[in-house]
């Protein structure tokens, strides 16, 4: 028995956010005030968006606010004992998704800053304004692996809002230059602040080319029959190479499909890479 071929869009756990909050659009940062006194931090559990500023203001007592050792973002307010004294930190996308626990060095008070994982894609990189041809050129080179994005800019290119920057986003770029903003259900497009970039190319040059000759011939039919029924060698680089009808399974129907193509001018083998561009994975 042969395992099922997997070709699905990536599951991006970063898209799963347990905190449902309203987040300002890109470029609209906000400030969050936390009052510091001997009894603790008020309010607790502040939720921010990347780019927002958190301000701690002393109400009474002496304090020194510092991040926990488990926090990806490190800060220390220094000694603060004057009412109205303020320490502030900006939480950027470069700091990561958090959470960011912190404490008062002189008291048992503890708290955590949570970053809501929602940002807004505009298709515009490194500047404000409408999309231009320069943006689609940048996105194309990025997805091709020619350039590396700044850490705070990748989310801007996820026009599909699926937390993956890939060839599907290029389709929306092209749509925009033909039809404008009508291509989007909402704009800017809500997406993850930390999307995944997919630059991998499809590992299957020609579907059905089991003997790697460059074309599909009777030899490939023989090879598939041997694999399915006679314990012959598996297709390279994976079984998906032989899934000529893109059913997701290798069965006798793939043999029939190949026979019709080679001997009866039947339809060409499907292109699994076109089916799911730039997100192909080979199942074991």
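Simple spin-label estimate for residue 217 and residue 171 gives 3.5 nm between the two label positions (7 Å along the Cα-to-Cβ direction from each Cα).
Relative contact order of segment 119-197: 41 percent, from C-alpha pairs under 8 Å at least 6 residues apart in sequence.
Taking the empirical scaling 2.2 N^0.38 Å for compact globular proteins as reference, segment 213-263 has a Cα radius of gyration ratio of 1.01.
Just so you know, the averaged projected area of the alpha carbon convex hull for segment 119-197 sits at 4.4 nm². Once C-alpha pairs closer than 8 Å and six or more residues apart are averaged by separation and normalised to the residue number of segment 218-273, the relative contact order reads 29 percent.
If the chain linking residue 44 and residue 57 were pulled fully straight, counting 0.36 nm for each residue of separation and taking away their Cα-Cα distance, it would gain 3.3 nm. Modelled this way, with points 7 Å down the Cα-to-C-beta line, the labels at residue 148 and residue 247 are 4.5 nm from one another. The label point for residue 228 and the one for residue 181, both projected 7 Å from the Cα toward the Cβ, are 5.2 nm apart. Mean sequence separation of contacting Cα pairs (under 8 Å, at least six apart), scaled by the length of segment 85-240, corresponds to a relative contact order of 20 percent. The per residue volume of the convex hull around the alpha-carbon atoms of segment 31-115 is 74 Å³. Residue order for 125, 225, 244, 36, fewest other beta carbons within 10 angstrom first, comes to 225, 125, 36, 244.
Bear in mind that the values in this text are calculations on the coordinates, not laboratory data. Please read these numbers as outputs of a predicted model, since none were measured by experiment. So basically every Cβ, Gly included, is an ideal-geometry build from the backbone, and we count neighbours across all protein chains shown.
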